[in-house]
1. Any idea which of (1) more than 14 Å from residue B:261 (Cα to Cα); (2) at pLDDT 95 or above is the one residue B:331 doesn't satisfy?
2. Checking residue A:63 against (1) farther than 30 Å from residue B:274 by Cα; (2) at the interface with another protein chain (Cβ under 8 Å from one of its Cβ atoms): exactly one of these is not met. Which one?
3. Output the number of the condition that residue B:303 fails; it satisfies all remaining conditions of (1) among the hydrophobic types (A, V, I, L, M, F, W, C); (2) over 23 Å from the mean Cα position of the chain (by Cα); (3) under 28 Å from residue B:196 (Cβ atoms).
4. It is to be established whether one or more residues within segment B:466-474 are away from every other protein chain (no Cβ under 14 Å) and over 24 Å from the mean Cα position of the chain (by Cα).
5. Among the residues of segment B:400-427, write down those that are among the aliphatic types (A, V, I, L, M), buried (at least 21 other Cβ atoms within 10 Å of the Cβ) and closer than 30 Å to residue B:505 by Cβ.
6. So which strands (runs of 3 or more DSSP E) stay within segment C:69-122 end to end and still have 3 or more residues that are more than 30 Å from residue C:59 (Cα to Cα) and in contact with a Ser or Thr (Cβ under 8 Å, 6 or more places away or on another chain)?
7. Can you tell me which residue is most open to solvent (accessible area, probe 1.4 Å) among those in segment A:120-131 that are touching a residue at least 40 places away in the same chain (Cβ under 8 Å) and at the interface with another protein chain (Cβ under 8 Å from one of its Cβ atoms)?
8. Restrict the check to segment B:372-380 and report whether at least one residue is within 11 Å of another protein chain (Cβ to nearest Cβ) and on the phi > 0 side of the Ramachandran plot.
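The values are calculated or read from the model by the stated rules, or taken from the named source; none is laboratory data. Since the structure is predicted, the reported quantities are computational estimates derived from the model, not experimental observations. Note that each Cβ is placed from the backbone with ideal geometry, even for glycine, and that neighbours are counted across all protein chains shown. The area values use the complete protein model at the heavy-atom level, side chains included, leaving out ligands, DNA and RNA. Shrake-Rupley method; radii C 1.70, N 1.55, O 1.52, S 1.80 Å.
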Amino acid sequence: MSIAKRKSKRPIVAGVLATLALPARADWSLLNMPKGVSTLSREIYDIHMLMLWICLAIAVVTFGAMIVAMIRFRKSRGAVADQKLLHNARLEAAWTIIPVLILIGMAIPSVEKLVMIEDTSGSGLTVKVTGHQWYWQYEYLGSGVSFYSRLARESDVARQRGSGIDPATIENYLRDVDKPLVLPTGVKIRMLLTANDVIHAWWVPDFGMKRDAIPGFINEMWISVDADKPGTYRGQCAELCGADHGFMPIVVVAKPKAEFDAWLSSQKQEAGATLAATE
Amino acid sequence: MAEHGPPKGVVRWLTTTNHKDIGTMYLVFSLLMFMIGGAFAFVIRSELFQPGLQFVDPAFFNQMTTMHALVMVFGAVMPATVGLANWMIPLQIGAADMALPRMNLFSFWLLAFAFLLLLSTFLMPGGAPASGWTLYPPLVLQTGQAFPLAIFSIHLMGASSIMGAINVIVTIVNMRAPGMTLLKMPLFSWSWLITAYLLIAVMPVFAGAVTMLLTDYYFHTSFFNAAGGGDPVLFQHVFWFFGHPEVYIMILPAFGIVSEIIPTFSRKPIFGYEAMVFAIASIAFLSFIVWAHHMFTVGMPLAGQLFFTLSTMLIAVPTGVKIFNWTMTMWRGSLSFEPPMLFALAFLFLFTIGGFSGLMLAIVPADLQYHDTYFVVAHFHYVLVPGSVFALMAAVYYWLPKWTGHLYDMTLAKVHFWLSAIFVNVLFFPQHFLGLAGMPRRIPDYASQFADWNMVSSIGAFGFGLSQLLFVWLIVKCVRGGERATAGVWDWPHGLEWTVPSPAPYHTFEKSPEIH
Amino acid sequence: MNAPDRKSNRSLAARLVLMALGSFAFGFALVPLYDVFCEVTGIGTREQLSRAGTADGQTPVVGRTVIVEFTASVPAGGWEFEPVAVTMEVQPGRLYETHYRARNISGHATTGQAVPSIAPARAARYFVKTECFCFTPQHFARDEEREMAVRFVVDRELPPGIDRLTLSYAFYNSGIS
């Protein structure tokens, strides 16, 4: 695809990004759901593919029958209607019962995965996400580190109507922020979600999970990034939240645990310094 | 009884209580709204043609998506089904008119004024509602001066729909010709009887929900405000308790239409009539217990998620029964492919695709990825456009000769069909890819990787939109003249509506027909 | 219109009016029905929901601790509001006390109301607040700052799958002043 080509031409950041993101997405990247880089995203991908194949199989059978009927029983081919074919108890029972069985087959794997999705125990880090119109706020609970994350300036200028800037010239147009969320890889991370004004939803497709951030309440979900998949992952707000709903991206930089710890303590010092300066 | 015609000129349309006139007014109104809603869609797809903001501001874009949905749902699809009900139910059950003709007229004009109000919100400071047709608080409470007008227009639409529904029920229950038992009734009338019950059950719920919004906005109540002990999610529950049956209100009459057309052009009665009736009734029942599948991301208890997943999947069973029965109706039939049949067949295939994506959306873990993406947009447009709208077009092509007394231009109709059927897929199929690749819905601008498929989708939209002008032209042409249609019109007409002359006289079945 | 018709119309109208009144009355009849519903489904009776929980009958569970995190938000502004302790390791069944610090920065005297929320949501019914500043509106003088207490016990019956829970308060200006 042209986008991938464009990315790979860019030397440093984009090159790393593309190499990291592409193997996971392979050829399907613009047609199918990403497999993602977390336990949950893979589970979700698997169930998505299972459903897709089942639906395709059913489609072949039903559409096949319709097409056969349309070809074989044409009046122009001299077909004469069998006016007595009005009921067939066995057939009707079969196409009521078989779908029920298929549906049960589809539902069972999802139960187990749902239990897994809802189980937030054993987490190693809690991050509180607050949605604002129209930016995100991240707080590493218990560390005093908290910051805002807004649409990157370059995109923000280019997206104005009549800016005269071709979005294609902006790297990661609308998918870049001034300060990304940094997360450790290989750690189960508990995300607490809330909002300040209206409902938002935090979503990075590569992590598989999406949950609403509702003003006045906290919601909870967990995500993880595979230990061997550090990198930059992008998403955006997924619940209509007003005029600039399309312009509050999410960027997550996943770092190995040690690097993350170093980053967090440097942030803590910075926060401490700012606090000291203001007091 | 002396035959007396309608008054002449505009007075006829303002004062008529004739079911055929009111049906015509509903249908024309619906076509007008289809064009207006289509114009909004045109703005949306133009803006999304390529990345960057070219034509409109994000705030106006949101007004477009919101009004597109409200106009299409409440202005185009629902009134079209009501128009068909008005025209066809009395003809199908052998009644002289609808049971409550004055209320019938009243409900039409309420609807017309409701839309005058709703569309006038574009002129208000702050513009039209921009919170999506789902009107979720707290966002909807940021609407400007348009807010009370939008709410009031929803109240009027609701009142109009309820009146229409009462009229259908009373007509069907009381005015069937002697011998027309319920289980002899044509499936279109059956589907509308059940739809009418759905309407009566859920429109008041919607009215209640928006009234609570109104008091939250003006009287400082806190139904949906956490600060006062309320909960924004409560609105979503109440809204979707209305909203899910609402989608069946739009699709059940379509099921009825397809169940009329497929037998006619297969020259063979419907397969499994009782099962078809039972399937509609079960779908209607199930529609009340699946609402929370629209909101799997709000953070629901595990048991709730499982319940709503399972109940939603269960809907696939009666829907499957319908699809299989339609297929079986064609089996060993004698098929011909006139325009109504073409649209009904496209419905069969494309609605089923929408059904498959619906099944996928029902599974919670996967829905956590799909939710609020273009995958959802693709899904509900598949069930609504090549679903409901195609069925409505099929109905127009099926009954137009009966209404006007003229045969329409079959070649033009087939051209319209093929253009519509091709472009509707160019328009909506790529949206599955966009959603899966991570494009959220309701955004005016997008990241570069979504550019290609958006452009394809927009091209499909322009093609589909322009093709509909053929439809309008064809109808105008057919009203003005054409080859005379016989009473039966089609090769294998079945049902009472084909026993009256074409065009159907102003008064029909003043003496109850004989049913065998 | 003849007499029997008029009579039947009148009785129909009367029945319709009765039905409307009945529906209206039914709205009130629902109140006790909701009470029963909430009690049966375990949401709790009205008394349970409106009064503070108690630690009665709770004895600490030996050998199990859970982490309780505290967080705060001020959606509408006008306040500085934060937990004094960020996390606590607690034993289910034991009574604890912690504080939130609030400062009125609105520039005038005002009243605040805290709205609690617990994650995961299924832990909410096991998180019993015996005393909380969120039970009543809190009046603050201009620029006043103070600490407010919450006493809580995590129920012994807390499901085993939960090892960490979060208490969050959203602090709003109260309608009452």
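1. (2)
2. Going through the list (1) farther than 30 Å from residue B:274 by Cα; (2) at the interface with another protein chain (Cβ under 8 Å from one of its Cβ atoms), residue A:63 breaks only (1).
3. It is condition (3) that residue B:303 fails.
4. No, that holds for no residue.
5. B:400, B:413, listed by residue number.
6. The strands (runs of 3 or more DSSP E) meeting that bar are C:110-119.
7. Here the answer is A:122.
8. Within segment B:372-380, one or more residues are within 11 Å of another protein chain (Cβ to nearest Cβ) and on the phi > 0 side of the Ramachandran plot.
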